């Protein structure tokens, strides 16, 4: 079996002695076609575990040092080189090549903001008398589970509104320095994760903008700033392979 | 690529395993024929269950959080963001699994309450309810407790 990690250009220089996931770990190599190659390594018939996720990310991060990388979903296996050529490279090669050109010199940066939940809840209660009344009912002990759910629903909605406002505020500041961006919140809406597609050459400016932003936000949010990452959130075939990033978020001076 | 050094605290990757899994799961190009999903069964289970029940589970959790919060005198609670983050990170893996356990219980409860109205039409379609339950346990055996619960639910109904 072969683990398939990513698509790269056929000319992509591989780091020396890069090993893949699984035990024993196989050598990472390319299965090439004309313009595009798949990055693979040999693996026995074994289940992948959480820590293989780290190994997978290791390989992608080592690859992106040397050129554009189009990640293929974790857990993708192929029986042999021929299958990689006929099932992956043949159908996806052309699109892959053009997406790789688009992603050249770009990396993904992630900014996660974790809100202080108790402070958020206190603010929310303070700003909503109806919600306070409802919580009072629950505390009085008379309320049945539907009131509990209603409280939780209103809290979730309130937090989601705050998260949306934060999302817009942060994106407003960082978007001008990125070519594309997106965001998501966790189920519990106390965490906002934003991801940006940034030119490597602009990383220093982006860092500075993030730092300034975090200073302005204060200690209300605990930040986690991660990167440079392979463009994991910008690789998806259905959405991104067939279209260039929207012109709204693409400054014209880069010409695409 | 050279690593820039600036004042901002930038990590090359997420600090916890759970965050790495979050980072890569569901990302990247899908090659249908070759995605062997069973390899990451536990994570799939998480996602699958989330779709079904996440909202109610979250609602109840927040209701609880609000109640707990309200009981404490003003000013006594000084939430240290750092501490909270530490707790969040430490708990995030178990949170996912714990939430799943909760999901199963909640599902059983909800099924109980729905079944009273639904069972008449489901009686001759035992397979459909079995199918639903199985969907929640892809890649992992249901806990004995959950299995017993479900079993007793079926007997009761």
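A short reminder: the numbers here are calculations on the coordinates, not readings from a lab. Worth saying up front: this structure is predicted, and the values here are computed from it rather than measured. Here the Cβ is made from the backbone with ideal geometry for all residues, glycine too, and neighbour counts use every protein chain on show.
Here are the numbers for this structure:
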read-out	value
Potential extension, residue A:35-residue A:216 segment - 0.36 nm per residue separation minus Cα distance	60.6 nm
Helix A:50-63 axis, angle to chain A major axis (alpha carbon atoms, nearest 10°)	60
The stretch A:22-130: C-alpha gyration tensor shape, a/c 1.5 cut-off, then a/b vs b/c	prolate
Angle between chain A longest axis and helix A:145-174 axis [Cα atoms, degrees, rounded to 10]	60
Residue with peak Gaussian network fluctuation, chain A [Cα springs, cutoff 10 Å], from A:202, A:81, A:51	A:51
Candidates A:72, A:21, A:54: whichever shows maximal mean-square fluctuation once chain A is modelled as a Gaussian network with Cα springs under 10 Å	A:54
Anisotropy class of the stretch A:107-254 from Cα gyration tensor, a/c 1.5 cut	prolate
Simple label model, 7 Å out from Cα along Cβ direction - residue A:147 to residue B:64, nm	1.9
Ascending count of other beta-carbon atoms within 10 Å, so fewest first, for A:215, A:224, A:16, A:204	A:16, A:215, A:204, A:224
Crossing angle, helix A:129-140 versus chain A [Cα axis fit, 0-90 degrees, rounded to tens]	80
Residues A:201, A:52, A:58 arranged by fewest to most Cβ contacts within 10 Å	A:201, A:58, A:52
Calculated diffusion of chain A, Stokes-Einstein form, Kirkwood radius summed over Cα pairs, 20 °C and 1.002 mPa s, µm²/s	103
Mean separation of Cα contacts under 8 Å (6+ apart) over length of chain A, as relative contact order %	22
Shape call, the stretch A:1-85: gyration tensor on alpha carbons, a/c limit 1.5	oblate
